[in-house]
Amino acid sequence: MKHYDLIIFDWDGTLMDSIGRILTCLRNVARDMGFIEPPEAAQRDIIGMSLAQAMQTLFPGRPSQEYPLMQQSYRDNYQRQAHVATPLYHGITELLTQLQQQQYQLAVATGKSRPGLDRSLRQTGLDQFFHLSRCADEAHSKPHPDMLQQLLAHTGVPASRALMVGDSILDLQMANAAGVAAVGVSYGAHSCEKLQLQNPKAIISEPLALLSVLTA
């Protein structure tokens, strides 16, 4: 018996192995702006936020006119890092294929912009699985529940029949705020210990383990 109808995935650190590229870009923003580089833990904590909120959180108290420059620096650095491999995690395509065959609705809720997500969907071929998504430029930034609330409203699926899968405490906090069950993945931005503080349904160490969670 299926406990869920809709499974919502985060992108970076959950489907795509892009954490290293993101951290490099954040370090380069600090260098470009002449700032002290924040600790890596602080950098990991903002992965999943909208770019505007991420910069304000990571570099607080700066003059307002500097934040658009930080955002542009990040975008430029991300494009310059295009040569850095950001593959899908092993097992993602097989996982999504099985979920689609089992007739789950699949969606994405991500801190990426709409152009960024659309480009990634095309490049990875995952657009065949995801016909519904919400991005940081279309909703309040994580951990606000707006992305999930929009997806639930669009599909008509009640919160009790949806599951969020993500690698960050922001994903789990968003799910908790929306009344949606969550599964954490320990191979992305945050450790199993940190994810456990948000009381997820389960924490998995590789993508295909989600199948066992769904049948438990």
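The values are calculated or read from the model by the stated rules, or taken from the named source; none is laboratory data. Fair warning: this is a prediction, and the values are worked out from it, not measured in the lab. Glycine gets a Cβ as well: all are built from the backbone with ideal geometry, and neighbour counts include every protein chain shown. Quick note on the areas: whole protein, heavy atoms, side chains included, nothing else; ligands and nucleic acids left out. Shrake-Rupley method; radii C 1.70, N 1.55, O 1.52, S 1.80 Å.
Brief remarks follow.
- Qualifying residue in segment 152-169 (condition: in contact with a Pro (Cβ under 7 Å, 6 or more places away or on another chain) and closer than 28 Å to Tyr78 by Cα): no
- Qualifying residue in segment 112-131 (condition: in contact with a helix residue (DSSP H, G or I) (Cβ under 6 Å, 6 or more places away or on another chain), part of a helix (DSSP H, G or I) and either aliphatic (A, V, I, L, M) or surrounded by fewer than 19 Cβ atoms within 10 Å (Cβ to Cβ) (or both)): yes
- Pair list, Cβ < 9 Å and 6+ apart or interchain, from segment 180-191 residues that are aromatic (Phe, Trp, Tyr) to residues that are at pLDDT 95 or above and assigned to a loop (DSSP other than H, G, I, E, B): Tyr187/Gly13; Tyr187/Thr14; Tyr187/Asp17; Tyr187/Tyr89; Tyr187/Asp167; Tyr187/Ser205; Tyr187/Glu206; Tyr187/Pro207
- Within segment 72-101, the residues that satisfy the criterion of being surrounded by 14 or more Cβ atoms within 10 Å (Cβ to Cβ) and either more than 21 Å from Met16 (Cβ to Cβ) or in contact with a Pro (Cβ under 8 Å, 6 or more places away or on another chain) (or both) are Ser73, Tyr89, Gly91, Ile92, Leu95.
- Within segment 150-164, residues that are within 12 Å of His3 (Cβ to Cβ) and assigned to a helix (DSSP H, G or I) reach no partner that is open to solvent by less than 60 Å² (accessible area, probe 1.4 Å) and at pLDDT below 95 with beta carbons closer than 6 Å at six or more positions or on different chains.
- Ala177 meets the conditions (1) within 17 Å of Gly13 (Cα to Cα); (2) modelled with pLDDT of 95 or more in every case but one. The failed one is (1).
- Any hit, segment 70-92, residues being modelled with pLDDT under 95, within 16 Å of the chain's Cα centre (by Cα) and under 28 Å from Leu208 (Cα atoms): yes
- Test for Ala107: is it touching a residue at least 40 places away in the same chain (Cβ under 8 Å), within 16 Å of the chain's Cα centre (by Cα), open to solvent by less than 20 Å² (accessible area, probe 1.4 Å) and more than 15 Å from Ala189 (Cβ to Cβ): yes
- Any hit, segment 32-49, residues being without any contact (Cβ under 8 Å) to a residue 24 or more places away in the chain, open to solvent by less than 30 Å² (accessible area, probe 1.4 Å) and among the hydrophobic types (A, V, I, L, M, F, W, C): yes
- Hits in segment 188-216 (condition: out of contact with any helix residue (DSSP H, G or I) (no Cβ under 7 Å at 6 or more places or on another chain), of a type outside the set (S, T, N, Q) and open to solvent by less than 70 Å² (accessible area, probe 1.4 Å)): Cys192, Ala209, Val213, Leu214
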